[in-house]
Amino acid sequence: MLAGKTALVTGSTSGIGLAVAQALARAGAKVMLNGSRPAADAEALRVELSAEAGVEVGYTQANLAEPASARALVEATIAAFGSVDILINNAGIQHVAAVDAFPDHTWDLLMAINVSAVFHTTKAALPSMKAKGWGRIVNIASAHGVVASPFKAPYTASKHAVVGFSKAVALEVAEQGITCNALCPGYVRTPLIEKQVVDQAKVHNMPEDRVIREVILAAQPTRQFVEADEVAAFAVFLCSDAARAVTGSVQLIDGGWTAR
Ligand code: NAD
């Protein structure tokens, strides 16, 4: 479905980003993986995905908290594959704390990775997409891009920002064969969430299975995690030609959370 396309997935060594990278490769796209760790750490992952999917897979180390690194990541992808046709802005961090106890440096870091990096990679990738008259940008926002939770004000602000940015970019490039959408998952079981399960179990003095059902998934009516593979399948659809008319949209995959 995506043979001949090239894709860059930020933060793709674990969780949702890895699942999206795997799904894009299986759909035939060449994929550039990214993480903040040295290439040697991701070599087994890169080789395994390339062999399994039968496509070229690269890896570029980049700390997306640094604008120059975000730009260099896009440049490295273009140097390796000739273009960036598909950009999945996935890298993100979370920190749970009351606003008046939230560390200033963590706000800065969260905004740098969750918001500013999306700007820098998009800005750097758009000329390549415009030159081809085809492009797909999928920004992994969150249900927190449309609703809020207490103790997650910076994360909520960052994901609302990504939703707004996605809409504005979509309008700008609407006549150039490029789509830009925000994909908003509810709770997906990934390393980012595993940490919250452990933390919340301590705070509530509850076993982890109860914390998952009664605390973590309290807002998610299905009371089941969204699977990373389900988010990935949705992302692949948004990158397909069949999704040509889907742009500027906010796609929720949240087990009914935001229907409340
Ligand atoms: P995760 O912790 O498994 O993955 C996050 C990825 O971002 C990792 O690959 C990590 O290496 C990368 N990353 C973090 N900081 C980076 C940096 N400075 N430079 C480069 N890469 C960096 O988490 P996940 O749950 O898979 O989250 C992926 C995205 O999905 C995030 O944007 C997150 O906000 C969003 N999301 C997650 C959930 C969920 O329930 N897990 C729900 C909604 C949205």
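The values are calculated or read from the model by the stated rules, or taken from the named source; none is laboratory data. All values reported here derive from a predicted model rather than from experimental measurement. Reconstructed Cβ throughout: ideal geometry from the backbone, glycine too, with neighbour counts over all protein chains shown. These area figures cover heavy atoms from the full protein model, side chains too; ligands, DNA and RNA do not enter into them. Shrake-Rupley method; radii C 1.70, N 1.55, O 1.52, S 1.80 Å.
Inspect region 154-164 for any residue being among the aromatic types (F, W, Y) and either more than 21 Å from S12 (Cα to Cα) or touching a strand residue (DSSP E or B) at 6+ places or on another chain (Cβ under 7 Å) (or both) and give the result as yes or no.
no
If I ask for residues that are buried (at least 17 other Cβ atoms within 10 Å of the Cβ), not in a loop (DSSP other than H, G, I, E, B) and not β-branched (V, I, T), which ones from region 244-260 would you list?
Q251, L252, W257
Among the numbered criteria (1) modelled with pLDDT under 95; (2) open to solvent by less than 50 Å² (accessible area, probe 1.4 Å); (3) in contact with a helix residue (DSSP H, G or I) (Cβ under 6 Å, 6 or more places away or on another chain); (4) over 25 Å from A27 (Cα atoms), which single criterion is violated by E208?
(2)
Cβ-Cβ distance below 6 Å, separation of 6 or more or different chains: which pairs start in region 27-48 with a residue that is under 20 Å from I93 (Cα atoms) and end on one that is among the β-branched types (V, I, T)?
Matching pairs, first to second residue: N34/T10; N34/T60; G35/T13; A42/T13.
Applying the selection to region 215-260, what residues are out of contact with any Phe, Trp or Tyr (no Cβ under 9 Å at 6 or more places or on another chain) and on the phi > 0 side of the Ramachandran plot?
If the condition is that a residue be out of contact with any Phe, Trp or Tyr (no Cβ under 9 Å at 6 or more places or on another chain) and on the phi > 0 side of the Ramachandran plot, then R223, G248, G256 are the ones that fit.
Starting from residues that are in a helix (DSSP H, G or I) and touching a strand residue (DSSP E or B) at 6+ places or on another chain (Cβ under 7 Å), keep the ones in region 31-42 and report whichever is farthest from the ligand (Cβ to nearest atom).
Result: A39.
Does V163 count as out of contact with any Phe, Trp or Tyr (no Cβ under 6 Å at 6 or more places or on another chain), within 13 Å of the ligand (Cβ to nearest atom) and not in a loop (DSSP other than H, G, I, E, B)?
yes
Quick one: how many residues across region 59-73 are within 16 Å of A40 (Cβ to Cβ) and crowded, with 22+ Cβ neighbours inside 10 Å?
Total satisfying the criteria: 2.
Look through region 93-118, keep the residues that are of a type in the set (G, A, S) and open to solvent by less than 40 Å² (accessible area, probe 1.4 Å), and return whichever of them is nearest to V138 (Cα to Cα).
Only one residue tops the list, namely A117.
Going by the structure shown, is E227 open to solvent by 30 Å² or more (accessible area, probe 1.4 Å), within 11 Å of the ligand (Cβ to nearest atom) and at pLDDT 95 or above?
Answer is yes for this residue.
Working only within region 1-24, note down all residues that are closer than 16 Å to P185 by Cβ, open to solvent by less than 30 Å² (accessible area, probe 1.4 Å) and either hydroxyl-bearing (S, T, Y) or more than 11 Å from the chain's Cα centre (by Cα) (or both).
Correct list: T10, S12, A23.
Just one of V203, V138, V173 is open to solvent by less than 10 Å² (accessible area, probe 1.4 Å), away from the ligand (no atom under 16 Å from the Cβ) and aliphatic (A, V, I, L, M); which is it?
Only one candidate passes the filter, namely V173.
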